Amino acid sequence: MDTITKAKKAAGEKAASLVQSGMLVGLGTGSTAYWAIEKIGQMVKEGLNIRAVATSVASEQQAIALGIPITSFSEVQQLDIDIDGADEISEDLQIIKGGGGALLREKIVAHASRKKVIVADERKYVRTLGKFPLPVEIIPFGWELVFKSVQALKGSPTLRTREDKPYITDNGNYIIDCLFGSIENPEQLHHQLKAMTGVVETGLFINLKPTVIIAFENGEVKTI
Ligand SMILES: O=C(CO)[C@H](O)[C@H](O)COP(=O)(O)O
């Protein structure tokens, strides 16, 4: 296992250790949240009694394969803890998510959770957001118009594709990955994008007040 994968595993497992019996748990998406889900699966086999809401079809399938009981917002209103990854975390704990395409469900689950835990390796921790292209989930109909509106905002959007076709989210939408340069005011940018008709959600996770667990390649794990 390479040092970055080891760091992701360390961060994910540290976050899993915060999960206790009786909790309702949000399961994130991506290669770091993966390790938290694996650990929670192991804990369930050892007697941990939880129910979970997954943020993507992929994470739900992983959880089901591990025997983690799955629930949904038709049965529960609030979760105790959500464990998820990030693409960038700034020093003031604003976050870009959506690299894995699950930003909409991730945001719904994060906002429904009392405690939000973000797990990441050290490469994700940055001074200012913006090097990672901001994922924005948009409605397929008229996506070209949103594309132009982002350009008018001095952004540089790219339609995400898979096998030469538009990438389709679990919600049936498209994603545009948008470079804006250094994002000095993430809150303002989030609101400007949300105001565009056709935008479903942005990957800017603002003022979430998360607990951030960062794992370093040297084996150190820090909670911020
Ligand atoms: O937002 C996400 C998926 O939509 C992921 O949490 C984010 O992309 C981080 O993934 P990874 O841990 O694989 O780097």
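The values are calculated or read from the model by the stated rules, or taken from the named source; none is laboratory data. Everything quoted here is computed from the prediction, not taken from an experiment. Every residue, glycine as well, gets a Cβ built from its backbone with ideal geometry; the counts of neighbours run over all protein chains shown. In case anyone asks, the SASA skips ligands and DNA or RNA and just uses the protein heavy atoms, side chains included. Shrake-Rupley method; radii C 1.70, N 1.55, O 1.52, S 1.80 Å.
Annotations
- Test for V109: is it away from the ligand (no atom under 12 Å from the Cβ) and assigned to a helix (DSSP H, G or I): no
- Residue match in the stretch 139-148 (condition: in a strand (DSSP E or B), more than 16 Å from the ligand (Cβ to nearest atom) and crowded, with 16+ Cβ neighbours inside 10 Å): no
- Test: residue in the stretch 155-163 that is open to solvent by 10 Å² or more (accessible area, probe 1.4 Å), without any contact (Cβ under 8 Å) to a residue 60 or more places away in the chain and under 24 Å from W35 (Cα atoms): no
- Any hit, the stretch 47-55, residues being open to solvent by 30 Å² or more (accessible area, probe 1.4 Å), under 18 Å from the mean Cα position of the chain (by Cα) and under 14 Å from I83 (Cα atoms): no
- Meets criteria (more than 16 Å from the ligand (Cβ to nearest atom), in contact with an Asp or Glu (Cβ under 6 Å, 6 or more places away or on another chain) and either of a type in the set (A, V, I, L, M) or within 18 Å of I206 (Cα to Cα) (or both)) for M43: no
- Residues of the stretch 50-106 that turn out to be hydroxyl-bearing (S, T, Y) and within 16 Å of the ligand (Cβ to nearest atom), as a count: 4
- Those residues of the stretch 121-135 which are without any contact (Cβ under 8 Å) to a residue 40 or more places away in the chain and open to solvent by 50 Å² or more (accessible area, probe 1.4 Å), in sequence order: R127
- Hey, V119 closer than 28 Å to G181 by Cβ and either within 13 Å of the ligand (Cβ to nearest atom) or of a type in the set (A, V, I, L, M) (or both) or not: yes
- For I95, the conditions (1) open to solvent by less than 10 Å² (accessible area, probe 1.4 Å); (2) touching a Ser or Thr at 6+ places or on another chain (Cβ under 8 Å) all hold with the exception of (2).
- Within the stretch 1-31, the set of residues being within 10 Å of the ligand (Cβ to nearest atom) and in contact with a helix residue (DSSP H, G or I) (Cβ under 7 Å, 6 or more places away or on another chain) comprises K8, G12, G28, T29, S31.
- Residues that are aromatic (F, W, Y) and either in a loop (DSSP other than H, G, I, E, B) or open to solvent by 40 Å² or more (accessible area, probe 1.4 Å) (or both), drawn from the stretch 175-219: F180, F216
- Lone unmet requirement of (1) in contact with a Ser or Thr (Cβ under 9 Å, 6 or more places away or on another chain); (2) away from the ligand (no atom under 15 Å from the Cβ); (3) of a type in the set (F, W, Y) for Y34: (2)
- Going through (1) touching a strand residue (DSSP E or B) at 6+ places or on another chain (Cβ under 6 Å); (2) open to solvent by less than 40 Å² (accessible area, probe 1.4 Å) one by one, P166 falls short only on (2).
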